[in-house]
1. Scan the range 492-535 for residues that are in contact with a helix residue (DSSP H, G or I) (Cβ under 9 Å, 6 or more places away or on another chain), surrounded by fewer than 18 Cβ atoms within 10 Å (Cβ to Cβ) and either acidic (D, E) or more than 21 Å from V476 (Cα to Cα) (or both) and report the count.
2. So, in the range 504-528, how many residues would count as being part of a loop (DSSP other than H, G, I, E, B) and over 19 Å from the mean Cα position of the chain (by Cα)?
3. How about the range 107-149: which of its residues are farther than 16 Å from S437 by Cα and crowded, with 24+ Cβ neighbours inside 10 Å?
4. Taking G562 as the residue in question, decide whether it is within 20 Å of the chain's Cα centre (by Cα) and at pLDDT 95 or above.
5. Considering only residues that are among the aliphatic types (A, V, I, L, M) and closer than 20 Å to L80 by Cα, look in the range 187-220 and name the one that is surrounded by the most Cβ atoms within 10 Å (Cβ to Cβ).
6. Among the numbered criteria (1) aliphatic (A, V, I, L, M); (2) assigned to a loop (DSSP other than H, G, I, E, B); (3) without any contact (Cβ under 8 Å) to a residue 60 or more places away in the chain, which one does M313 miss?
7. Taking the options L493, L560, L537, name whichever one is farther than 25 Å from A59 by Cβ, more than 16 Å from the ligand (Cβ to nearest atom) and aliphatic (A, V, I, L, M).
8. Does at least one position in the range 381-389 carry a residue that is more than 9 Å from the ligand (Cβ to nearest atom), at pLDDT 95 or above and touching a helix residue (DSSP H, G or I) at 6+ places or on another chain (Cβ under 7 Å)?
Amino acid sequence: MKMTRILPALAAVAAGLLLVLAAAAYLWRSDAAQPFMIATANPYATEAGASILRAGGSAADAAIAVQAVLSLVEPESSGLAGGAFMMHFDQASGAVEAYDGRETAPMGATPALFLDEEGKPLPFLEAMIGGSSVGTPGVMKMLWLAHEEHGRLEWAELFKPAIRLAEEGFAVPPKLAQAIARDPVLMNMPVAQDYFYRMDASGERVPAAEGDVLKNPAYAATLKRIASEGWRGFYEGPVAEAIVETVRNAPMRPGTLSLEDFASYEAKKREAICAPYRQYRVCTMPPPTSGGLTALQILGILQNYDLKGMGPMTLTSVHFIAEAEKLAYADRDKYIGDPDFVDVPVEAMLDPAYLEARANEIDASLSMKKAKAGNLEDRRAMNRGLNHPVDKPSTSHFSILDSDGNAVSMTTSVEGPFGSHLMAAGMMLNNQLTDFSFVPEEDGKPAANAVAPGKRPRSSMTPVIVFNEDGNFHAVIGSPGGSRIIGYVTQTLIALIDWDMDMKGAIGLPRFVDRNGPLEIEAGTPLEQMTPDLEALGHEVKAVPLMSGLHGILVTPEGLDGGADPRRDGNVITGER
Ligand code: GLU
């Protein structure tokens with residue numbers, strides 16, 4: 001046979017073989033059970049998500065079921081009348097997508113929203129409680145969008161676990177019980193006082209205790225409407241009307257939220273920001289959260305140092321991480337706001353040459369104490385926004401990997417514990433607008449994060465998905481914790497990547513974070529013994545409770561490894577399908 005005949009024949013055989021192999025791979029894929037894993041802050045929510053994954057639902061489907069349950073069993077942290085950011089990885093296409101369900105300021109909001117008559121910023125608690133802190137909720141529309149693109153089960157199916165729990169009741173989890181008992185105002189708030197408290201024999205209100213059974217028929221009715229009408233069931237009709245009514249007639253600081261704000265709300269898809277760290281690629285959420293950008297800056301600065309060589313949680317590694325955090329938090333306060341309203345110089349902030357120059361500002365033997373924002377190529381006049389010095393048991397993060405390899409990393413929030421403390425249609429209404437800068441300008445320069453109608457307040461939420469050097473899914477992680485979120489997530493990524501820890505080990509590490517102020521270390525942990533040495537390096541050390549609330553999943557050679565933060569109530573469920 002001549003070569004000209006042999007080659008096509010060989011090619012045909014090869015093509016045939018490839019087809020057979022592809023078919024075998026397909027059959028193997030559809031026959032062999034593949035693992036899934038889910039980690040959330042509450043066992044009811046984890047089980048709801050797992051039940052969806054067992055039934056063949058996608059990671060996005062499970063996320064919807066989880067959020068619907070969290071709104072019920074962890075109302076102090078997140079809910080359908082709040083906002084969220086979700087990173088999604090689609091295994092088949094390789095796409096990494098960033099969904100923005102952040103609340104917006106009502107069209108009636110002004111830059112002076114949180115100033116008193118004399119133009120001074122209001123005390124935080126005063127600004128938080130009542131109607132004027134409530135933003136147009138975003139999480140529901142975001143979940144609808146994600147379901148349109150990545151849902152597999154029927155929308156209505158996803159609400160069944162939450163409807164059942166709301167109707168039949170759930171046992172009050174430890175964290176909710178503590179949050180109610182600790183709250184200074186909840187007992188005096190309409191609706192909430194009747195839901196979270198009961199009357200004892202002497203007519204005194206007593207907070208619901210751990211294990212008490214709570215039923216929420218109003219929430220069940222809301223869920224049924226959403227289940228049958230889709231996003232319209234929330235943004236139009238009785239649910240939206242009840243929220244608007246509650247905000248406008250709030251006993252303190254009534255707000256301007258209107259049905260038009262609901263009608264014009266849009267969840268957005270944004271371009272994920274990804275950057276290399278060591279041999280991995282870290283993908284996260286772009287602004288309006290400052291979380292992703294600031295975390296990537298910290299990693300980009302630390303990339304210039306050998307954290308592995310320094311060793312896990314040694315004096316040197318804590319010092320370098322704290323200093324890198326100072327530098328990145330300083331940039332954060334100056335440059336980040338809603339990108340639909342202010343230009344955020346994302347590329348300049350992540351430029352490796354810039355980050356190397358920032359790394360060079362770190363002195364191994366002395367803390368810089370207070371970092372200044374860097375001089376970017378791309379200079380914009382922006383001032384600082386507002387940091388919250390109080391640690392709050394609010395916000396929730398969950399991580400999901402379905403058996404097809406799709407992943408969700410979602411951080412979700414009503415902002416402070418119990419949000420605005422207003423309750424409508426069975427849900428706590430957020431106080432997310434207090435994430436805006438209370439002071440709209442400084443020395444005549446507008447703050448990047450000043451209030452404006454329709455604008456999204458700057459967040460710190462940092463949902464992350466990590467890929468390995470072959471581009472395969474490696475890990476998913478995120479945390480609550482207000483502006484400390486960024487430090488919590490970054491420290492955990494360093495533990496996983498530089499210090500080769502497993503997920504539980506990384507999540508369990510004593511926390512520390514430096515938001516360009518004092519170096520906060522977790523009280524009651526071995527880090528306290530490091531205080532004199534840290535002080536000798538010039539750090540002002542403060543031991544405080546650091547709640548975190550990290551929930552993550554890691555791929556290891558032995559299989560999936562999940563972790564739920566021992567500081568919260570959560571758990572991990574794994575299974576196969
Ligand atoms: N509202 C905060 C944010 O969006 C989160 C609050 C918290 O984690 O407690 O960044």
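The values are calculated or read from the model by the stated rules, or taken from the named source; none is laboratory data. These numbers come from a predicted model, not from an experiment. For neighbour counting, all protein chains shown are included, and Cβ atoms are generated from backbone atoms with ideal geometry for every residue, glycine included.
1. Final tally of qualifying residues: 4.
2. Restricting attention to the range 504-528, the residues satisfying the condition of being part of a loop (DSSP other than H, G, I, E, B) are 509-511, 515-518, 523-525.
From what is left, the residues that are over 19 Å from the mean Cα position of the chain (by Cα) are 509-510, 516-518, 523-525.
Here the count works out to 8.
3. Answer for the range 107-149, where residues must be farther than 16 Å from S437 by Cα and crowded, with 24+ Cβ neighbours inside 10 Å: I129, T136, P137, G138, V139, M140, M142, L143, A146.
4. Yes: the conditions hold for G562.
5. Residues of the range 187-220 that are among the aliphatic types (A, V, I, L, M), as a first pass: 187, 189, 191-192, 199, 201, 206, 208-209, 213-214, 218, 220.
Checking the rest, the ones that are also closer than 20 Å to L80 by Cα come to 189, 191-192, 214, 218, 220.
Details: M189: 23, V191: 16, A192: 20, L214: 18, A218: 18, A220: 20.
Filtering the range 187-220 for residues that are among the aliphatic types (A, V, I, L, M) and closer than 20 Å to L80 by Cα, the one surrounded by the most Cβ atoms within 10 Å (Cβ to Cβ) comes out as M189.
6. The single condition M313 does not satisfy is (3).
7. On the way: L493 fails: farther than 25 Å from A59 by Cβ; L560 fails: farther than 25 Å from A59 by Cβ.
Within the list L493, L560, L537, the selection yields L537.
8. No.
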